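What follows is a single structure, written as structure tokens, with notes after it.
The values are calculated or read from the model by the stated rules, or taken from the named source; none is laboratory data. Note that this is a predicted model, so its numbers are computed, not measured. Cβ coordinates were reconstructed from backbone atoms using ideal geometry, including for glycine residues, and neighbour counts include every protein chain displayed. Heads up: the accessible areas ignore ligands, DNA and RNA and are worked out on the full protein's heavy atoms, side chains in. Shrake-Rupley method; radii C 1.70, N 1.55, O 1.52, S 1.80 Å.
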Amino acid sequence: MLAGVAAQRVKAFPPNTHTALNQFVIHISLPGLALYYIPKIAINTSLLYPLGVSWISFALSFAFFAGLGKIFNWPRKLTGCLILTGGLGNTSFVGFPIIEALYGKAGLETAIIVDQPGTFVVMATLGIIVAAAYSKGAVGGSAIIRKIIFFPPFVAFFIGLMMNIAGYDFIEDVGLVFQRLGSTVTPVALVAVGMQLKIDPKSKHYKFLATGLFFKLMIMPAFFVLLYKIILKGDGLMIDVSVVESAMAPMITAAILAASHGLKPRLAGMMIGVGIPLSFITVAFWYYIVNLL
């Protein structure tokens, strides 16, 4: 991300370089990730807790920010940006290494469930619906459906899901290609975010940034501690990993999705640029809380 910030001063990069990088992530990196992981996921009822994190989170984000937007008469682009970045967590590129460090390989298995059929699918379906609905101009239902159907990560997810149901997977050499393509998401996406990140002391975005990050880093995990640990009395590794994953910073791809649809790109970049380093502190706090319960 810092490399992306530095690249803003390099004249060799055209002003719209971040747009090309955004499209690379959407059309190449994310489909590769989906085609590698989705065919390998074992589907059963034990997935409901980790799956619920992403779907419930997005529903809460929509209700929270759409409600605030209506009360305070926010611009639709602002509301859409906060719904996306507040409702989709960085459950893989930040989440995977943190979960593996805290819970080992066993915890990483649950984290993949939170991310791939959870966060990733929400982004490729509900995320694209929100992005299309809140972007400039009126978008009809048929246009939104076309956006979803032809959205490259969704196409890749659908192919991977059909292969999973049929019990097929790619041969090792082909799978390795998809794994390598998927591994480009983190560096390319972070460089793209860095190239769009501009911290303006006079920016009007700070109060919205504070609202979005407080919701994502504090309100969201508090809700899942209450629901999973206290109300449902859940226990064990899967529950703990699910709650900690809910506390992750905003999803990089959510910021790219918002930026590619013109939904306050600078605010979306700030949600990532400030949210990721800040989340290292807040995730540690929620890890401590989970261990107390």
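A 1.4 Å probe run over the protein chains yields, for the chain, 46 Å² of accessible area per residue, whole-number rounding. Counting only whole DSSP H helices of the chain, the ones at least 18 Å long by C-alpha along their axis and with mean Kyte-Doolittle hydropathy no lower than -1.0 are 48-72, 152-166, 265-292. Scaled to the globular estimate 2.2 N^0.38 Å, the Cα spread of the range 128-198, given as radius of gyration, is 1.48. With a 1.4 Å probe rolled over the protein heavy atoms of all chains, the accessible area of Ile276, Ile149 falls in the order Ile149, Ile276, largest first. Evaluated at q = 0.10, 0.13, 0.14 Å⁻¹, the base-10 log of the normalised Debye intensity for the range 103-227, with identical point scatterers placed on the Cα atoms, takes the values -0.51, -0.87, -1.00.
Out of the total accessible area of the range 1-151 (probe 1.4 Å, heavy atoms of protein only), what percent is carbon and sulfur?
Working: 4760 of 6910 Å².
That fraction is 69 percent.
For the range 109-161, what percent of Cα pairs sit more than 19 Å apart? Cα-Cα pairs in the range 109-161 separated by more than 19 Å: 31 percent.
Ranked by the mean number of other Cβ atoms within 10 Å of their residues, highest first, the peptides 15-26, 174-185 come out as 15-26, 174-185. Can you bin the range 169-293 into rounded, prolate or oblate? Criterion: square roots of the alpha carbon gyration tensor eigenvalues sorted a ≥ b ≥ c, rounded for a/c under 1.5, prolate for a/b above b/c, oblate for the rest. It is oblate, given that a/c is not under 1.5 and a/b is not larger than b/c. Each of Pro152, Ala166, Val243 was placed along the dipole of the range 151-247 (beta-carbon charges, centred on the mean Cα), and the one lying farthest toward the positive end is Val243.
Kirkwood analysis of the chain, using all unique Cα-Cα pairs, places the hydrodynamic radius at 19.2 Å. Here the ratio of the Cα radius of gyration of the range 1-131 to 2.2 N^0.38 Å is 1.23.
Note on surface exposure: Tyr206, Tyr228 rank Tyr206, Tyr228 by accessible area, highest first, 1.4 Å probe.
Compute the orientation-averaged projected area for the range 158-237 from the convex hull of its Cα atoms and round it to one decimal in nm². If you can, show how the numbers build up before the last one.
Details: hull surface 39.3 nm².
Convex hull of Cα atoms, orientation-averaged projection: 9.8 nm².
By accessible area, using a 1.4 Å probe on protein heavy atoms only, the range 157-263 has 69% of its surface on carbon and sulfur.
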